[in-house]
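Engineer: For reference, the structure I am asking about is given below.
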Amino acid sequence: MPIPLGRRHIKKLRALARDDTVDLWALDEVRFEQHGSACRMWVAPEIKDPILLHHPTREGIGYFGAVRIRDGKFVYSREVNRFNADKFFTFLKKLRRLSSHAGRRVVLILDNVRYHHASLHRKWRDKCRKRFALEFMPPYSPELNPVERVWKLTRRKATHNQYFPTLASVPVAVENVFDEWRTGNATLKRLCAL
């Protein structure tokens with residue numbers, strides 16, 4: 001009986017995570033909106049359909065982020081406008097510079113967004129493949145990328161049940177959480193375990 005697509009990939013990721021010569025990183029992008037989100041709220045029993053007002057804009061701040069599965073080290077970069085191949089390439093070079101000190105081969109888990117495959121950085125990726133490789137997950141499988149759990153935890157710690165009067169106050173809250181994770185830590189190590 002063939003192994004379903006998701007199970008085959010999780011087996012491969014677990015094998016990479018057990019390999020002592022490999023540093024496995026999970027990479028993805030995220031946007032935090034100015035209006036935040038409501039996680040929990042108390043509503044009086046007599047109110048049947050509560051109305052929760054949000055800030056009237058859909059403005060937000062984007063981040064590239066990567067977490068090292070072995071120890072929970074987190075690297076991020078803020079993107080104000082749009083995600084594209086140029087900005088992704090800049091983040092890849094930053095991540096390669098910061099991750100290559102361990103003396104291990106670095107493997108990145110990431111999704112199949114078009115600019116992850118851009119021809120702009122194809123030659124660079126091919127040149128670095130032996131020491132810095134990209135492992136693309138199958139389409140529509142965010143559950144295979146552990147950094148998705150980091151975004152959920154960040155929202156819970158920084159943006160849930162918060163009102164941000166200005167867009168400039170969003171990155172302050174988010175980056176306070178991110179800065180706690182710059183060095184390896186047990187929280188992200190447990191959260192992103194495969």
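Since every read-out is calculated from the coordinates, none of them should be taken as a lab result. These numbers come from a predicted model, not from an experiment. For neighbour counting, all protein chains shown are included, and Cβ atoms are generated from backbone atoms with ideal geometry for every residue, glycine included.
Engineer: Suppose R0 equals 25 Å. What FRET efficiency, 1/(1 + (r/R0)^6) with r the Cβ-Cβ distance, do Arg78 and Arg129 give to the nearest 0.05? Don't skip to the answer; put the middle values down first.
Structural biologist: Details: r = 28 Å, r/R0 = 1.12.
In this case the efficiency is close to 0.35.
Engineer: Going through the stretch 70-149, which trypsin sites (Lys or Arg not before Pro) have at most 12 other Cβ atoms within 10 Å and a DSSP loop state? Could you put the intermediate results ahead of the total?
Structural biologist: Values: sites: Arg70, Lys73, Arg78, Arg82, Lys87, Lys93, Lys94, Arg96, Arg97, Arg104, Arg105, Arg114, Arg122, Lys123, Arg125, Lys127, Arg129, Lys130, Arg131, Arg149; in loops: Arg70, Lys73, Arg82, Arg104, Arg129, Lys130, Arg131.
The qualifying sites are Arg82, Arg129, Lys130.
Engineer: So which lysines can Lys127 reach, going by Cα to Cα under 24 Å and dropping same-chain residues fewer than 8 places off?
Structural biologist: Once the sequence-local lysines are set aside, what remains near Lys127 is Lys12, Lys87, Lys93, Lys94.
Engineer: Exposure proxy check: Phe83, Phe32, Phe136 ranked by fewest other beta carbons within 10 Å?
Structural biologist: Going from least to most buried by this count: Phe136, Phe83, Phe32.
Engineer: Can you tell me the length gained on complete extension of the stretch Lys189 to Glu175, counting 0.36 nm per residue apart and subtracting the Cα distance?
Structural biologist: 3.2 nm
Engineer: Could you work out the mean projected area of the convex hull around the alpha carbons of the chain, in square nanometres to one decimal?
Structural biologist: The orientation-averaged projected area of the Cα hull of the chain comes to 14.2 nm².
Engineer: Another question, then. Can you give the % of DSSP beta bridges in the chain that are antiparallel, to the nearest 5?
Structural biologist: Taking every DSSP beta bridge with both residues in the chain, the antiparallel ones total about 60 percent.
Engineer: Residue farthest toward the positive end of the dipole of the stretch 58-144, with Cβ of Lys/Arg at +1 and Asp/Glu at -1: which of Pro138, Val106, Tyr63?
Structural biologist: Val106
Engineer: Can you sort Tyr163, Tyr115, Tyr63 so the residue with the fewest Cβ neighbours within 10 Å comes first? Provide the component values of the computation, followed by the final result.
Structural biologist: Working: Tyr163 11, Tyr115 16, Tyr63 21.
Fewest to most other Cβ atoms nearby, the residues stand as Tyr163, Tyr115, Tyr63.
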